[in-house]
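K.L.:
Right, I'll just put the structure down here and ask away after.
Every number here is computed from the coordinates shown, using simple stated rules; none is lab data. Not measured: the values here are computed from a predicted model. No Cβ is skipped: glycine too gets one built from the backbone with ideal geometry, and neighbour counts run over all protein chains shown.
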Amino acid sequence: MLSVYEGFFSGGARILHTDVVLGLQEGGQYHRVLSLHGEVLREATRQAMENDACYRSLTSSGVEVQSLGRTFGLPGAHLADPTLFTGPELATTARAMAGADVILSLKEQPLALLNQAGLPRRPVIVSLHRSDPENQGAALSELKAAIADGTVVACVCCAESTRAAYEAAGIPSEVLHVIPNGVDLFRFQPDPARRARLRADLGIPGTAPVVVFAARYDAMKNVSLFLRAARAWLADEPDGHVLMCGAGMAEGQPGLRADIEDAFGDDLRHADRLHLLGVRRDMENVYAASDVVALTSAWGEAAPLCLIEGMMCGAVPVTTDVGDSAAIVAGQGFVTPQDPEAIARAWTEAVAARPGLEPVLARSRERFSRTRMIASYAGLIDRVHEVAVRPAALPEPPLPEPL
């Protein structure tokens with residue numbers, strides 16, 4: 001198996017796909033990874049491949065990772081046109097593809113490379129993790145072209161909203177397969193010791209209500225809405241604390257700092273209880289320390305990993321109605337309009353409801369199992385491989401000539 005990544009940078013899709021690759025390798029498959037970019041500048045954060053947690057997880061587990069060495073967003077970035085590839089880049093890609101039986105593409109962006117003429121013919125499965133194909137630029141056209149010529153034989157949709165959105169955008173329904181996201185239930189679970197330890201590290205009292213927002217700094221995440229809700233909630237909850245983590249959620253990020261000043265205005269005293277944690281590699285600790293996991297996205301989400309991971313650690317989810325979010329939290333969380341006051345009230349209700357929701361969250365764990373997800377991926381890959389290697393039907397023998 002060969003997985004092709006656009007690059008290694010912080011984000012739920014890369015985390016999820018990396019976990020799938022690791023799980024499939026644990027099950028006996030042999031996997032390699034090819035990354036188009038070796039370093040990117042995204043969300044005002046410079047992210048080198050070798051520093052990425054997903055890269056380190058893969059390589060430490062014996063998965064070979066190779067890069068075309070491109071850069072994005074940095075001075076001297078490789079090429080202005082991302083659909084143009086050099087001879088050496090295509091040769092590297094051809095060698096990687098030649099050793100694979102099936103190729104997984106992390107989202108549709110790598111298809112600009114996989115659609116290049118002259119590369120080995122291998123069946124491609126594309127993993128789709130958004131619900132807004134119209135906002136993916138030329139990638140949607142690349143996906144349609146790859147399906148039309150038979151290169152892409154299946155698409156994994158992480159949510160029903162993804163399947164519906166891509167079908168509405170013109171992708172044939174027969175190639176769309178829904179495999180809901182799952183997480184490692186051994187890693188993501190309530191843990192009083194982790195809860196106490198992280199709160200102590202951040203100077204947060206053990207009884208204080210805590211809301212966590214785990215997202216990259218991006219317009220679709222609606223960070224300004226989250227901050228306005230945080231301002232309202234912190235004003236009403238004198239003991240409350242808010243955690244923000246992800247790429248771009250750090251001190252010194254100009255955009256985030258401007259958003260904070262805009263949301264809190266001249267009254268910044270409540271912002272002292274706003275903790276900017278940046279990219280974390282211990283999200284199980286962050287979620288375990290929290291009472292509420294919040295999502296305020298305006299568009300694009302499918303099955304947000306933060307909601308699932310937070311829920312499995314005992315945090316009550318509060319989300320806007322985007323993608324499959326409402327279905328994910330049904331019966332165990334809260335769905336809000338995109339209104340800061342309504343969101344702040346829902347956080348307070350979620351904190352109060354948390355003790356009663358603990359058994360509900362516990363009963364939902366199997367639904368979000370990593371084991372279930374990986375088994376579904378493995379089954380689809382097996383079916384694709386079986387069709388790919390099946391011998392072509394022999395031609396019918398000619399009829400005998402009449403005597």
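K.L.:
Please give, to one decimal in nm, the separation of the simple spin-label points placed at Ser60 and Asp266, each 7 Å out from Cα toward the Cβ.
P.N.:
The answer from the label model is 5.0 nm.
K.L.:
I would also like to ask the following. Sum up the charges of everything whose Cβ sits under 12 Å from the Cβ of Pro209, counting Lys and Arg as +1 and Asp and Glu as -1, but leave Pro209 out.
P.N.:
Net charge in that neighbourhood comes out at -2.
K.L.:
Moving on. Summing Lys, Arg as +1 and Asp, Glu as -1, what charge do residues with Cβ under 11 Å from the Cβ of His270 carry, His270 excluded?
P.N.:
Cβ neighbours under 11 Å give a net charge of -1.
K.L.:
Still on this structure: Run the numbers on the chain and let me know its relative contact order in percent, using alpha-carbon pairs under 8 Å that are six or more apart.
P.N.:
15 percent
K.L.:
Can you give the FRET efficiency to the nearest 0.05 for Leu84 and Thr207, using r as the Cβ-Cβ distance and R₀ = 45 Å?
P.N.:
Computed FRET efficiency for Leu84 and Thr207 comes out at 0.20.
K.L.:
With a point put 7 Å past each Cα toward its Cβ, work out how far Ala375 is from Ala327 in nm, to one decimal.
P.N.:
2.0 nm
K.L.:
Pop out the ³J(HN,Hα) list for region 5-16 in order, Karplus 6.51 cos²θ - 1.76 cosθ + 1.60 with θ = phi - 60°, rounded to Hz; leave Gly and Pro as x.
P.N.:
Per residue, the Karplus-derived 3J(HN,Hα) values read 9, 5, x, 9, 8, 4, x, x, 4, 5, 4, 5 Hz.
K.L.:
Let me have the 222 nm mean residue ellipticity of the chain computed from DSSP H runs of 4+ only, each contributing -39500 (n - 2.57), with the sum over all residues rounded to the nearest 500.
P.N.:
Value at 222 nm, helices only, nearest 500: -12000 deg cm²/dmol.
K.L.:
Can you work out ³J(HN,Hα) from phi for every residue in region 369-384, in order, using Karplus 6.51 cos²θ - 1.76 cosθ + 1.60 and θ = phi - 60°, giving whole Hz and x for Gly and Pro?
P.N.:
3J(HN,Hα) across region 369-384, in whole Hz: 6, 4, 4, 4, 4, 5, 4, 5, 4, 4, x, 5, 4, 4, 5, 5.
K.L.:
Extending each Cα 7 Å along its Cβ direction at Ala48 and Glu366, get the distance between those two points in nm, one decimal.
P.N.:
4.6 nm
K.L.:
Please work out the FRET efficiency for the pair Glu386 and Leu185, using the Cβ-Cβ distance as r and a Förster radius of 45 Å; give the result to the nearest 0.05.
P.N.:
Working from the Cβ atoms, E equals 0.90.
K.L.:
For region 129-176, which semi-axes, largest first and in whole Å, follow from the square roots of 5 times the eigenvalues of its Cα gyration tensor?
P.N.:
One finds semi-axes of 16, 13, 8 Å for region 129-176.
K.L.:
Along the three principal axes, how long is the chain when you take its alpha carbons, biggest first, rounded to the nearest angstrom?
P.N.:
Dimensions of the chain along the principal axes of its Cα atoms: 99, 49, 39 Å.
K.L.:
Which far-off residues, 5 or more places away or on another chain, put their amide H under 5 Å from the one on Val335, with H placed in the peptide plane?
P.N.:
Amide H neighbours of Val335, under 5 Å, 5+ apart: Thr319.
K.L.:
Have a look at Phe213, Phe264, Phe334 and tell me which one the Gaussian network model of the chain (Cα, springs below 10 Å) gives the largest fluctuation.
P.N.:
The residue that fluctuates most here is Phe264.
K.L.:
Report the relative contact order of region 192-365, percent, no decimals, based on alpha-carbon pairs under 8 angstrom and at least 6 residues apart.
P.N.:
Relative CO of region 192-365 lands at 24 percent.
K.L.:
Grab the alpha carbons of region 253-351, take their convex hull, and tell me the volume per residue in Å³.
P.N.:
Taking only Cα atoms, region 253-351 has a hull volume of 119 Å³ per residue.
K.L.:
Same structure again: I'd like the distance separating the alpha-carbon centroids of region 304-373 and region 157-228, in whole Å.
P.N.:
Here the two parts' Cα centres lie 9 Å apart.
K.L.:
Mean-square fluctuation check for the chain, GNM, Cα pairs under 10 Å: which of Met220, Met311, Met283 is largest?
P.N.:
Of Met220, Met311, Met283, the Gaussian network model singles out Met220 as fluctuating most.
K.L.:
Could you derive backbone 3J(HN,Hα) for region 328-345 from the dihedral phi with the Karplus parameters 6.51, -1.76 and 1.60 (θ = phi - 60°), listing whole Hz in sequence and x where the residue is Gly or Pro?
P.N.:
5, 9, 3, x, 9, x, 10, 10, 10, x, 8, 9, x, 5, 5, 5, 4, 5
K.L.:
Could you compute the FRET efficiency for Tyr30 and Glu160, with r as their C-beta to C-beta distance and R0 at 25 Å, rounded to 0.05?
P.N.:
Once rounded, the FRET efficiency stands at 0.20.
K.L.:
Turning to a different aspect of this structure: Given springs between every Cα pair under 10 Å in a Gaussian network model of the chain, which of Arg280, Arg228, Arg269 has the largest fluctuation?
P.N.:
It is Arg269.
K.L.:
Dividing the alpha-carbon radius of gyration of region 227-280 by 2.2 N^0.38 Å (N being the number of residues), what value is obtained?
P.N.:
So region 227-280 has a normalised radius of gyration of 1.07.
K.L.:
Against the globular-protein guess of 2.2 N^0.38 Å, express the Cα radius of gyration of region 192-365 as a ratio, rounded to two decimals.
P.N.:
Rg over 2.2 N^0.38 Å, computed on Cα atoms: 0.93.
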